[in-house]
1. Could you count how many residues in the range 129-146 are within 16 Å of ligand 1 (Cβ to nearest atom) and open to solvent by less than 50 Å² (accessible area, probe 1.4 Å)?
2. If I go through the range 149-172 residue by residue, how many of them are modelled with pLDDT under 95, surrounded by 15 or more Cβ atoms within 10 Å (Cβ to Cβ) and more than 13 Å from residue 198 (Cβ to Cβ)?
3. Checking the conditions here, which among 307, 343 is within 30 Å of residue 162 (Cβ to Cβ) and either at pLDDT 95 or above or of a type in the set (Ser, Thr, Tyr) (or both)?
4. Restricting the search to the range 112-159, which residues are outside any helix (DSSP H, G or I), within 16 Å of ligand 2 (Cβ to nearest atom) and among the aliphatic types (A, V, I, L, M)?
5. Against the conditions (1) within 16 Å of ligand 1 (Cβ to nearest atom); (2) over 19 Å from the mean Cα position of the chain (by Cα); (3) part of a loop (DSSP other than H, G, I, E, B), where does residue 306 fall short? Just the number, please.
6. Can you give me the number of residues within the range 205-225 that are among the aliphatic types (A, V, I, L, M), within 16 Å of ligand 2 (Cβ to nearest atom) and modelled with pLDDT under 90?
7. Considering the range 197-220 alone, what residues qualify as being in a loop (DSSP other than H, G, I, E, B), away from ligand 1 (no atom under 13 Å from the Cβ) and open to solvent by less than 10 Å² (accessible area, probe 1.4 Å)?
Amino acid sequence: MASVDDVMKAMSTVMEPELGRDLVTLGMVKDVVVAGNKVSLKVELTTPACPLKDKIMADCERALASLPGITDTEVRFIPRVIAAKTVPDKEAIPGVKNILAVYACKGGVGKSTIAANLAVSLALDGCRVGLFDADIYGPNIPLMLGASGPPAARDNKLIPLEAHGVKLMSMGFLADENTPMIWRGPMVHGAIRQLLRETDWGELDYLVVDLPPGTGDAPLTLIQSVPLSGVVLVTTPQDVALLDGVKGIRMFRKLNVPILGLVENMSGFVCPNCHHETAIFTKGGGEKEAARQKLTFLGAIPLDPAIAQGGDKGVPLVVGQPNSPQTKALRWLAQIVAGQISIANMK
Ligand SMILES: Nc1ncnc2c1ncn2[C@@H]1O[C@H](COP(=O)(O)OP(=O)(O)O)[C@@H](O)[C@H]1O
Ligand SMILES: [Mg+2]
């Protein structure tokens, strides 16, 4: 009969593909029980949104099946999201394990759309997620997730609203949506920090932040005031060169914020009738630029009217059309991002 040691030996042949080490070395194998012909155990994953969990499961089952006398296996995944490392001079938000930002140099490239679908995708995978709309000039997260304020308060903290399994906070909940917001530098600084810190986020695995565009005070305030696990850069095929206008990449590198990867949004048009994809702008620039800048390419999200309609209706595409190819691309993006965060936190 196989012993617990035999099981551990078999499990040490199973690699965590992204982290590049075996599950036993990584300390991920827990609660091994051998009873007659059955082995049961738990594998601690670094995120419920693990992009390769099907492969890891198949590899575990294969390894265990090779043990003599074992005919029955029960492998269960339990998530244990690793928190970002502490950064000197940057105060973490208590209870929030990782803060990740979504950024683009320009407005209108789909930053909020990506942030909304990314946050909801992580929640669909079982993560505890918040979404902070730091774009005080154009707060459209409330509209995109179908939530409206004002938020309630308790013990001097604001209670985030909740939609599609994600906790939300936005300046848009506090102000009349028809009133344009005019902010001066110091006000921006104060308002974003205050709203972020005075929200009662509770326990979160990931807090996604929709950053304002540009390289001015508004994004800088946030980037400099909280420890970021990393940033997702959004570009469109026709704006790839702007990225190289190096503004975005250079700003994050200078501020020591890890860049989790680059996503090319509005990449080609998918006809809603015939599903044929037409490249409106030259495609593939994002992937090339990512390679040139040594960044992870997080995928290309086509221009799909359903994505815009989902945003207008407050039902992100990943919820509204769970089986569409664009949803698959967005869910994959979220998993790769979660995987990149785990890798960065384990270093
Ligand atoms: N892949 C896409 N396909 C279709 N429409 C999109 C896509 N991405 C974004 N949009 C739409 O483009 C507009 C701008 O997107 P938004 O996320 O608000 O950009 P940003 O936050 O960068 O200003 C919105 O109307 C949004 O619904
Ligand atoms: Mg936006």
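1. 12
2. Number satisfying all stated conditions: 3.
3. None of the other options fit; the residue is 307.
4. Correct list: 131, 134, 136, 147.
5. Residue 306 satisfies every listed condition except (3).
6. The qualifying residues number 2.
7. The answer is 201, and nothing else.
Conditions tested, residue by residue: (1) open to solvent by less than 40 Å² (accessible area, probe 1.4 Å); (2) free of Cβ contacts under 8 Å to residues at least 40 places away in the same chain.
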{"site": "8", "(1), (2)": "no, yes"}
{"site": "28", "(1), (2)": "yes, yes"}
{"site": "67", "(1), (2)": "yes, no"}
{"site": "77", "(1), (2)": "no, yes"}
{"site": "98", "(1), (2)": "yes, no"}
{"site": "107", "(1), (2)": "no, no"}
{"site": "121", "(1), (2)": "yes, no"}
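The values are calculated or read from the model by the stated rules, or taken from the named source; none is laboratory data. Not measured: the values here are computed from a predicted model. Because the Cβ atoms are built from the backbone with ideal geometry, glycine has one as well, and the counts that use them run over all protein chains shown. The accessibility values were calculated without ligands, DNA or RNA, using every heavy atom of the protein model including side chains. Shrake-Rupley method; radii C 1.70, N 1.55, O 1.52, S 1.80 Å.
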